[in-house]
Amino acid sequence: MEQELSVREVLTTEYVGVSESDPVLETVRLMREERAGCVLVVRGSEPVGIMTEWDVLGLVAAEDDPAETTVGEVMTSPVISIGAGWSLADAATTMSRQNIRNLVVESDDEVVGVLTQRDVITAAGSFQGAASGAAEPPLETDRPIGQSRGSRPSEEIDTELLPNGGDEFSTQGVCEACGSLADSLWDANGRLVCSDCRSV
């Protein structure tokens, strides 16, 4: 029987918290300093929103002044929370269905961390490697992940699609360029990208 990873095992416990009244410019500087793709907006200890890179891009596209705009004006609210005991597959499905890249993780009505898309990707890759017991051959450029691969260009091995915790398959993943869930990913300059981003 295959062990299923829980959110508790892979979440980011050290998240950046800010206030609704903080200026976006200062918050973006903090995000860069902390190398965080999002900040949790809290009122006391209660999460009231989340500000992501995408929210900041929307501000820039609208040509608003980040020094004069507060986090509360651009944050996404309400936050979507999940329990720390959720399976990683269920959390990834929620991200996909809600079209989001970050989930607030709570346990006993307290925030215990944030589950990011990067956490899911990293854990899925680590878990598949550990579960198989053997290292997979290196990826070749311009081949879909999970389809014919070989350690040498002249030798191809067909890989069987195996269920990955539900109705998802091991060839599904999140594009590192656009963030969308894709059926097949390609290695392009060291990044896993979907077919749309591959052609750009």
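For the charge dipole of the range 7-130, defined by +1 on Lys and Arg C-beta atoms and -1 on Asp and Glu C-beta atoms about the Cα centroid, which residue among CYS38, VAL16, MET95 has the Cα displaced farthest towards the positive pole?
My answer, from the dipole projection, is MET95.
Which of ALA124, VAL56, TRP86 sits farthest toward the positive end of the charge dipole of the range 7-130, with +1 on the Cβ of Lys and Arg and -1 on the Cβ of Asp and Glu?
Of the candidates, ALA124 comes out farthest on the positive side.
I'd like the accessible area for ILE121: 1.4 Å probe, protein heavy atoms, all chains in place, Å² to the nearest 10.
Using a 1.4 Å probe on the heavy atoms, I get roughly 60 Å².
May I ask you to evaluate 6.51 cos²θ - 1.76 cosθ + 1.60, the Karplus curve with θ = phi - 60°, for each residue of the range 105-111 and list the ³J(HN,Hα) values in order in whole Hz, giving x for glycine and proline?
3J(HN,Hα) across the range 105-111, in whole Hz: 10, 10, 9, 6, 6, 10, 6.
Summarise the long-distance tail of P(r) for the range 7-126 by giving the % of C-alpha pairs beyond 22 Å.
Percent of Cα pairs beyond 22 Å in the range 7-126: 32.
Under the Karplus relation 6.51 cos²θ - 1.76 cosθ + 1.60, θ = phi - 60°, what is the ordered set of whole-Hz ³J(HN,Hα) values for the range 17-22, x standing for Gly and Pro?
Each residue's phi maps through the Karplus curve to give x, 9, 9, 4, 8, 5 Hz.
As a test of reading the structure, rank ASP22, ASP109, ASP64, ASP55 by solvent-accessible area (1.4 Å probe, protein chains only), most first.
Listed by decreasing accessible area, they come as ASP109, ASP64, ASP22, ASP55.
How large is ³J(HN,Hα), in whole Hz, for each residue of the range 30-43 in order, when computed from phi with the Karplus curve 6.51 cos²θ - 1.76 cosθ + 1.60 and θ = phi - 60°, using x for Gly and Pro?
Using θ = phi - 60°, the values come out as 5, 4, 5, 4, 8, 6, 10, x, 8, 10, 8, 8, 10, 10 Hz.
If I stretch the segment between SER199 and ASP90 completely, what's the gain in nm (0.36 nm per residue apart, minus their alpha carbon distance), one decimal?
36.2 nm
How do SER87, SER96 rank by accessible surface area computed with a 1.4 Å probe, from largest to smallest?
SER96, SER87
Counting only residues 5 or more places away or on other chains, whose amide H sits under 5 Å from the amide H of LEU5 once H atoms are built in the peptide plane?
Amide H neighbours of LEU5: LEU88.
Considering amide H positions built from the backbone, and no H for Pro or chain starts, which residues 5 or more places from VAL18, or on another chain, come under 5 Å of its amide H?
Answer set, sorted by chain and number: LEU40, VAL41, VAL42.
Once amide H atoms are built 1.01 Å from N in the peptide plane, which residues 5 or more positions from LEU192, or in another chain, come under 5 Å H to H?
GLU176
Please list THR13, THR76 from largest to smallest accessible area, probe radius 1.4 Å, with all protein chains kept in place.
THR13, THR76
What net charge do the residues around VAL7 carry, taking every other residue with its C-beta under 13 Å from that of VAL7, with Lys and Arg at +1 and Asp and Glu at -1?
With Lys, Arg at +1 and Asp, Glu at -1, the net is -4.
Quote to one decimal, in nm, the extra length available between LEU25 and SER45 on full extension: 0.36 nm per residue of separation minus the C-alpha distance between them.
Result: 4.9 nm gained on full extension.
Heads up, I need the accessible area for TRP54: 1.4 angstrom probe, whole protein in place, Å², nearest 10.
About 140 Å², rounded to the nearest 10.
The values are calculated or read from the model by the stated rules, or taken from the named source; none is laboratory data. Nothing here was measured: the structure is a model prediction, and the numbers come from that model. When we count neighbours, we look across all protein chains shown, and the Cβ atoms used for this are built from the backbone with ideal geometry, even at glycine. Side chains are part of the model used for accessible areas, which takes the heavy atoms of the whole protein and leaves out ligands, DNA and RNA. Shrake-Rupley method; radii C 1.70, N 1.55, O 1.52, S 1.80 Å.
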